[in-house]
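Written out below as structure tokens is the structure these notes cover.
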Amino acid sequence: MDMGCIFCKIIKGEIPCYKVYEDDQFFAFLDIRPTNKGHCLVVPKNHYRWVWDVNEDYSKIVNKIANAQKKAFETSWVVSFVMGEEVPHAHIHLVPRFENDGHGPLINLESVKEFSKEEMQEFATRIKNFL
Ligand SMILES: [Zn+2]
């Protein structure tokens with residue numbers, strides 16, 4: 001754990017989030033700056049700086065959540081990306097995409113959407129229902 005890390009605080013429950021998944025190693029929650037409905041962040045519970053430092057179980061969980069998003073939002077188009085520079089705790093973005101979703105052929109990371117708390121909660125529940 002890193003005391004100053006916002007994701008460590010979310011994992012510990014010190015900062016609220018829209019939780020999608022949790023097991024002994026991994027945690028997934030909705031990005032509060034969503035580029036589309038159901039935009040998730042998948043993180044290891046231990047504080048690793050980079051995704052490359054995390055064990056191979058990580059990819060299995062990312063796969064599982066992406067497939068749940070596909071069913072939850074009835075799309076075959078889920079994009080993933082890793083930058084690692086926004087928060088210094090390893091995280092993978094998973095974003096469901098749709099035709100005419102306001103992005104171009106490539107997702108525009110600056111195009112953040114606004115959803116109500118109720119909508120965000122509903123998106124998290126929808127994904128959980130397929131896990
Ligand atoms: Zn952390």
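The values are calculated or read from the model by the stated rules, or taken from the named source; none is laboratory data. Model, not experiment: these values are computed from the prediction. Every residue, glycine among them, receives a Cβ derived from its backbone with ideal geometry; neighbour counts consider all protein chains shown.
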Scan the stretch 44-60 and tell me whether some residue there is under 23 Å from Phe123 (Cβ atoms), surrounded by 18 or more Cβ atoms within 10 Å (Cβ to Cβ), modelled with pLDDT of 95 or more and in contact with a His (Cβ under 7 Å, 6 or more places away or on another chain). no
Do we find a residue being touching a Phe, Trp or Tyr at 6+ places or on another chain (Cβ under 6 Å), more than 21 Å from Phe7 (Cβ to Cβ), of a type outside the set (S, T, N, Q) and in contact (Cβ under 8 Å) with a residue 12 or more places away in the chain anywhere in the stretch 37-50? yes
Take the stretch 63-75 and flag every residue that is surrounded by fewer than 20 Cβ atoms within 10 Å (Cβ to Cβ) and within 14 Å of the chain's Cα centre (by Cα). Asn63, Lys64, Ala66, Asn67, Lys70
Identify the single condition in (1) in contact with a helix residue (DSSP H, G or I) (Cβ under 9 Å, 6 or more places away or on another chain); (2) exposed (fewer than 13 other Cβ atoms within 10 Å of the Cβ); (3) closer than 23 Å to Leu109 by Cβ that Glu14 does not satisfy, given that it satisfies every other one. (3)
If we scan the stretch 84-96, do we find a residue that is in contact with a Lys or Arg (Cβ under 6 Å, 6 or more places away or on another chain), within 16 Å of the ligand (Cβ to nearest atom), among the hydrophobic types (A, V, I, L, M, F, W, C) and outside any strand (DSSP E or B)? no
For the condition farther than 22 Å from Cys8 by Cβ, in a loop (DSSP other than H, G, I, E, B) and within 15 Å of the chain's Cα centre (by Cα), what is the one hit in Lys60, Lys37? Lys37
Looking at the structure I just gave you, is Phe73 touching a Gly at 6+ places or on another chain (Cβ under 8 Å) and under 17 Å from Arg126 (Cβ atoms)? yes
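What is the residue count in the stretch 113-131 for residues that are of a type in the set (Val, Ile, Thr) and surrounded by 14 or more Cβ atoms within 10 Å (Cβ to Cβ)? Before you say what the answer is, go through the steps one by one.
Taking the stretch 113-131 as the starting set, the residues that turn out to be of a type in the set (Val, Ile, Thr) are 125, 127.
Among the residues that remain, those that are also surrounded by 14 or more Cβ atoms within 10 Å (Cβ to Cβ) are: 127.
Residues that pass the stated criteria total 1.
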Of (1) in a loop (DSSP other than H, G, I, E, B); (2) away from the ligand (no atom under 16 Å from the Cβ); (3) under 13 Å from the mean Cα position of the chain (by Cα), Cys17 fails just (2)
